[in-house]
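Colleague: To start, I am sharing the structure in question, which I have written as structure tokens.
The values are calculated or read from the model by the stated rules, or taken from the named source; none is laboratory data. Because the structure is predicted, anything quoted here is derived from the model rather than measured. A quick note on method: Cβ atoms are made from the backbone with ideal geometry, for glycine too, and the neighbour counts reach across all protein chains shown.
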Amino acid sequence: LLGGVLAYGTFYIIRTMILDTEDPIERSRWMAPILALPTFFVLSLALQFKALKYVLPGSWLPSNDCAEGLGFIDSLGPCLPANSLMAALVLALFCSTILYAILRKYEFEETGYLGVETIFVWLQVITACYVAFAHGANDRSNAIGPMAAVWQVFKAGSLGPEAEVPLWLVLLGSFGIVIGITTWGYRVMKTIGEKITRITPTRGFAAQFAAATTVLIFSMPFLAIPISTTHTLVGSVVGVGLAGGASSVDFRVFGKIAASWVASIPAAGFGAMILYAIFGLDETRFIVSVLIIMSAISWLLYHSIRTGPKVEIEVGNGG
């Protein structure tokens, strides 16, 4: 819901301040870096709090000190250090300035709306990287969190207050995301990118920015709430579609997607019950099951590479 509202608002700003003006290309040259500024800022914060948290000193990371001093830590949550906020702002301004300089010097062959869409192709590349980072930061944690608890039970025989996450488990979660995208990910991409509503670079930028920002905000240490990147992205695409009118959204496709969300919860729970009933807490059975699952995944990857759509063919058909 938040992703949809944010996407709607972002595209409304683009349409009002760029597309509906007398010179949309000139307007987009200086508006595009401003629109990209929040992307660079949130991504800079996420890099500090996620990727660099083991490198940066403690004064650069979120702390509970100020909330404790006020006596209501539970309601405020951790504080954001000023140096991290300033570093993120400086880096965001620097990246936006570089983008502005590039757009001012680049001569676009297209005019009117086509020229604006060409400019937003550049921004969509940035937000695509933004979504990829948010996807890895959020979904990998969602996947390996329960697995870390299972591993602690196997290792210590009981579940403690905090489960240790070994490096091999982090790599396994990353590998699983890559395998999923490589094998059947193109089907989800096609559904979200083509079947819900018409997507242009301006609309795609709004949807990607809204989805990635929502996911990273909920993944930050001051919230740390697990959410679904796919759910958020679908909501953002629907929000962008609604900005062009309700008739531009295929609610039949959206209904099928929502039904699959509801069905996946009991299906996953039932599958976990079956696996636990078969293998229990026996380490040998667990290792054998992991080998079988990894073999099945390897076969799916091999089969998908041989029979899946080729990038060259898809690009040729699109051009």
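Colleague: Could you run through segment 235-287 and say how many residues are at pLDDT 80 or above, not acidic (Asp, Glu) and not in a helix (DSSP H, G or I)?
Modeller: Adding up the residues that qualify gives 1.
Colleague: Quick one: which residue in Val188, Val178 is over 23 Å from Phe41 (Cα atoms) and either surrounded by fewer than 15 Cβ atoms within 10 Å (Cβ to Cβ) or touching a strand residue (DSSP E or B) at 6+ places or on another chain (Cβ under 7 Å) (or both)?
Modeller: Answer to the selection: Val178.
Colleague: For segment 82-129, which positions are of a type in the set (S, T, N, Q) and either within 26 Å of the chain's Cα centre (by Cα) or within 14 Å of Leu37 (Cβ to Cβ) (or both)?
Modeller: Result: Asn83, Ser84, Ser96, Thr97, Thr118, Gln124, Thr127.
Colleague: Inspect segment 212-232 for any residue being free of Cβ contacts under 8 Å to residues at least 60 places away in the same chain and closer than 22 Å to Ala32 by Cβ and give the result as yes or no.
Modeller: The answer is no, given that none of the residues of segment 212-232 is free of Cβ contacts under 8 Å to residues at least 60 places away in the same chain and closer than 22 Å to Ala32 by Cβ.
Colleague: Right, here's the next one. Determine, yes or no, whether Ile196 is among the β-branched types (Val, Ile, Thr) and exposed (fewer than 15 other Cβ atoms within 10 Å of the Cβ).
Modeller: No.
Colleague: Got at least one residue in segment 192-207 being part of a helix (DSSP H, G or I), farther than 12 Å from Ala7 by Cβ, in contact with a Phe, Trp or Tyr (Cβ under 9 Å, 6 or more places away or on another chain) and modelled with pLDDT of 85 or more?
Modeller: yes
Colleague: Provide a single number: the residues in segment 102-118 that are surrounded by 14 or more Cβ atoms within 10 Å (Cβ to Cβ), modelled with pLDDT under 80 and among the polar types (S, T, N, Q).
Modeller: Count: 0.
Colleague: Right, next: List, please: which pairs have Cβ atoms under 6 Å, are six or more places apart or on different chains, and start with a residue in segment 146-157 that is of a type outside the set (Phe, Trp, Tyr) and end with one that is surrounded by 14 or more Cβ atoms within 10 Å (Cβ to Cβ) and outside any helix (DSSP H, G or I)?
Modeller: Close Cβ pairs (under 6 Å, with a partner that is surrounded by 14 or more Cβ atoms within 10 Å (Cβ to Cβ) and outside any helix (DSSP H, G or I)) amount to Ala148/Ala163; Ala148/Val165; Ala149/Ala163; Gln152/Ala163.
Colleague: Please specify each residue of segment 221-242 satisfying the condition of being buried (at least 20 other Cβ atoms within 10 Å of the Cβ) and aliphatic (A, V, I, L, M).
Modeller: Leu233, Val234, Val237, Val238, Val240
Colleague: Let me ask something else. Which condition breaks for Ala132 when tested against (1) touching a residue at least 24 places away in the same chain (Cβ under 8 Å); (2) within 12 Å of the chain's Cα centre (by Cα)?
Modeller: (1)
Colleague: Sticking with this structure for a sec: Scan segment 166-177 and tell me whether some residue there is at pLDDT 75 or above, assigned to a loop (DSSP other than H, G, I, E, B) and over 30 Å from Val238 (Cα atoms).
Modeller: yes
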